[in-house]
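Presented below is the structure to which this report refers.
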Number of protein chains: 2
Amino acid sequence: MAHLWLRVVLDDGDYFGPGKIELLEAIEEHGSISAAARSMGMAYRHAWELVDAMNQAFREPVVAAESGGSAGGGASLTPWGASLLQRFRAIEERAQRATHRELEALQSKARPQS
Amino acid sequence: MAHLWLRVVLDDGDYFGPGKIELLEAIEEHGSISAAARSMGMAYRHAWELVDAMNQAFREPVVAAESGGSAGGGASLTPWGASLLQRFRAIEERAQRATHRELEALQSKARPQS
């Protein structure tokens, strides 16, 4: 079935979508930004910039990182980061459910795959 | 208030989002692909490729174009193209409405603009 791919756009134009949210999930799983980036095939610098953008976008940081040390330090989601993650997934699910019928109708008009 | 930005992704990976949909709206308004592209500051070739992708994605074409002639010919939405446009806008509206409360909650956590 057809599905939605969505971003949440805040008033000032900051947005977050699947890329940033998957990065949060990977940080939660791997316990560091560098390991999370590696698991996604993403450059560390890019991952760091995405985390920084999210930390700037909200009143509270989403990721708490310990920098330094030869191992590069660890990182974890703050309670707000975990909540953001959960809320984004809830928004996706709710939007998908609310448009289920329209999506089904559009899929039925799609050209069959050859 | 925060808002959603979304694409519809069909089973085979084809998708359409605001860019393609705005192009359909511009074709409806201006009556040709070239005039529509110009109104959006988009290269004609890129607009043509987007239209072609949409025409390929569904069982019926979304845009009917008369090619040739020194004026470049006109283009208009087919009934299915007009319907696709309308359905996409309905999906956006429905998804936005279904997630209104969550979006409001996220916006309230956004850092105030400085």
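The values are calculated or read from the model by the stated rules, or taken from the named source; none is laboratory data. This is a predicted model, so every value here is computed, not measured. Here Cβ is always computed from backbone atoms with ideal geometry, including for glycine, and neighbour counts include all displayed protein chains.
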Among (1) surrounded by 13 or more Cβ atoms within 10 Å (Cβ to Cβ); (2) at negative phi, B:Pro112 falls short only on (1)
So which residues in the stretch A:88-99 are touching a residue at least 60 places away in the same chain (Cβ under 8 Å) and under 16 Å from B:Ala90 (Cβ atoms)?
A:Ala95, A:Gln96, A:Thr99
Please verify whether the stretch B:97-107 includes one or more residues that are within 12 Å of chain A (Cβ to nearest Cβ) and either more than 30 Å from A:Arg87 (Cβ to Cβ) or of a type in the set (Ser, Thr, Tyr) (or both).
yes
Note on the stretch A:85-95: residues buried (at least 17 other Cβ atoms within 10 Å of the Cβ), closer than 15 Å to A:Ile21 by Cα and at the interface with chain B (Cβ under 7 Å from one of its Cβ atoms) are A:Arg87, A:Ile91
Of a type outside the set (Val, Ile, Thr), farther than 30 Å from B:Glu102 by Cα, in contact (Cβ under 8 Å) with a residue 24 or more places away in the chain and in a helix (DSSP H, G or I) - does that describe any residue in the stretch B:57-79?
yes
Candidate set from the stretch A:1-23 (those that are over 30 Å from A:Arg101 (Cβ atoms) and in contact with a helix residue (DSSP H, G or I) (Cβ under 7 Å, 6 or more places away or on another chain)); member that is surrounded by the most Cβ atoms within 10 Å (Cβ to Cβ)
A:Leu23
Return the only residue of A:Ala47, A:Ala82, A:Ala26, A:Ala98 being within 29 Å of B:Thr99 (Cα to Cα), exposed (fewer than 15 other Cβ atoms within 10 Å of the Cβ) and modelled with pLDDT of 95 or more.
A:Ala82
Go through the stretch B:1-50 and give me each residue that's on the phi < 0 side of the Ramachandran plot, within 14 Å of chain A (Cβ to nearest Cβ), without any contact (Cβ under 8 Å) to a residue 60 or more places away in the chain and not in a strand (DSSP E or B).
B:Leu10, B:Asp11, B:Asp12, B:Asp14, B:Gly17, B:Pro18, B:Gly19, B:Lys20
Of the numbered conditions (1) within 30 Å of B:Ala105 (Cβ to Cβ); (2) out of contact with any Pro (no Cβ under 9 Å at 6 or more places or on another chain), B:Leu6 fails exactly one; give the number of that condition.
(2)
State yes or no: is B:Phe58 among the aromatic types (Phe, Trp, Tyr) and either in contact with a Lys or Arg (Cβ under 7 Å, 6 or more places away or on another chain) or exposed (fewer than 14 other Cβ atoms within 10 Å of the Cβ) (or both)?
yes
